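> Sending over a structure as structure tokens; questions will come in a sec.
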Amino acid sequence: MRKALRWLLALTVSVGTLSSAGAATAAQPEATATTASTTDADIKDRLLAIPGMRLVEEKPYTGYRYFVLTYTQPVDHRHPSEGTFQQRITVLHKDVDRPTVFYTGGYNVSTNPSRREPTQIVDGNQVSMEYRFFTPSRPDPADWSKLDIWQAASDQHRIFQALKPIYGKKWISTGGSKGGMTATYYERFYPRDMDGVVAYVAPNDVVNDEDSAYDRFFTTVGTKECRDRLNAVQREALVRREPLEKKYAQAAADNGWTFTTIGSLDRAYEAVVLDYVWGFWQYSLLKDCDTIPADAANATDQEIWDSVDTISGFSAYTDQGLQTYTPYYYQAGTQLGAPTIHFPYIEKQLIRYGYQPPRNFVPRSIPMRFQPWVMRDVDGWVRRHAEHMLFVYGQNDPWGAERFRLGHGARDSYVFTAPGLNHGANVAGLVPDEKALATARILEWAGVAPAAVRENPSAARPLARYDAKLDVRDVEREPALRP
């Protein structure tokens, strides 16, 4: 998928059997931080006693200790003797007697302290993992065949095994978008690790070549007035291709952008323009339609350019813009799938390439082969075996058009939709009854539900106070058509 596409038996690897040669990262001076209890005074020593764990730095945050670490992982969990790499993780430590939330966004990990919604709800610790092959968590040399959802789930499994002796209370996995997908895949392959899963806005492209759900979504989302405005700007950007591509060429020259991977500036331009409508609904709200030119045909070139650039980003399909996301596009083109939509309001002669496949966004030196059975396997497993799983979607988020659904075999699991919300949908945005139920189940799965909540779920509230710095509520933005 881009940002508006802007996605066996496991061999258990014992902790401590991997070589950590060359893995050490120079430790920074220890920062002063408040510990939650005297039993946690040695938490850094306990973390660094784990074989393969190395400290990058500790950052202070009141009420927590926050560590940026690397952990030695096998490149191939089936053959752990065939090489290792250093995977970056962070630990937001509150207290070993609190539950732990295991988070990944499915991309790079932030090295600044933050707290995901489930962490606030349960008032717990948080372990965050950088997804394999996102730099610097990339093997060298990179064997791209080892980038798949089972290997990534096995990364999480080993981290969990390493940290569980320290954080012995309940664990909840979570993530948004590709991170929500990642939490789901982890549960599929290692269903005994976590006590609950909270997956936000997780796409589920079961049949890669059947994407009519997305086309239906775009005929009804929002209001007709808003859809008409967006469609008109997108069409106008293709009508004015020649003058706007001259602006693009100048921007490329000014910024040092190149187009080797996608093939040409023309291909990149169309990809950015075709992301426009999807990107708006992914990251904006209905009220933001007021920022879209109301009369595209009479708007200036600069107004059309600015609107497309603000929503889609003209740097997205340059070599420089694609480089960071090569691991994502590789996965989209080998296992996750990627949506294709149509544009019935745009004359065919104005569209030269259509939605381009992930193969066009990955250097040709990296071989790719799509595996259509992988998502079918995960989808079937969730329908039959989901237990203690919560899926949250946004009503106006395109990615929710193809979502996870529960079957008769699911137990204590839920799929909720936040009205009017986009790719940043969360539990806080659900209608009151569903918000209370979701909060109550998360508290119960984490083993910290107060008696009043067990008796009456409508009484459920987050256990930790909102912290404007820690509790990120905005959508995690990447360049448009990526989840």
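The values are calculated or read from the model by the stated rules, or taken from the named source; none is laboratory data. Quantities reported herein were computed from a predicted structural model and do not represent experimental measurements. Virtual Cβ from ideal backbone geometry, glycine too; neighbours counted across all protein chains shown. Note: areas computed on protein heavy atoms with side chains; ligands, DNA, RNA excluded. Shrake-Rupley method; radii C 1.70, N 1.55, O 1.52, S 1.80 Å.
> Please verify whether R132 is in contact with a Leu (Cβ under 7 Å, 6 or more places away or on another chain), open to solvent by less than 10 Å² (accessible area, probe 1.4 Å) and of a type in the set (K, R), treating the condition exactly as stated.
Yes, satisfied.
> Within 30 Å of G176 (Cβ to Cβ), within 21 Å of the chain's Cα centre (by Cα), crowded, with 17+ Cβ neighbours inside 10 Å and of a type in the set (S, T, N, Q): is that true of S312 in this structure?
Answer is yes for this residue.
> Here is a further query. Report, by residue number, each residue of segment 322-343 that is crowded, with 21+ Cβ neighbours inside 10 Å and not hydrophobic (A, V, I, L, M, F, W, C).
Scanning segment 322-343 gives Y325, T326, P327, Y328, Y329, Y330, Q331, G333, T334, Q335, G337, P339.
> Okay, moving on. How many residues are among the small types (G, A, S) and open to solvent by 10 Å² or more (accessible area, probe 1.4 Å) when one looks only at segment 417-448?
The total comes to 6.
> In segment 409-432, how many residues are more than 23 Å from W278 (Cβ to Cβ) and either polar (S, T, N, Q) or modelled with pLDDT under 95 (or both)?
Qualifying residue count for the region: 1.
> Select from segment 383-409 the residues that are part of a helix (DSSP H, G or I) and of a type outside the set (A, V, I, L, M) and write down the one among them that is nearest to the chain's Cα centre (by Cα).
Among them, the one singled out is W399.
> OK, next. Cβ contacts < 9 Å: first residue closer than 19 Å to Q331 by Cβ, restricted to segment 186-214; second residue assigned to a helix (DSSP H, G or I) and among the basic types (K, R), any location; separation 6+ or different chain. Result?
A202/K178; P203/K178; V206/R376; V207/R376
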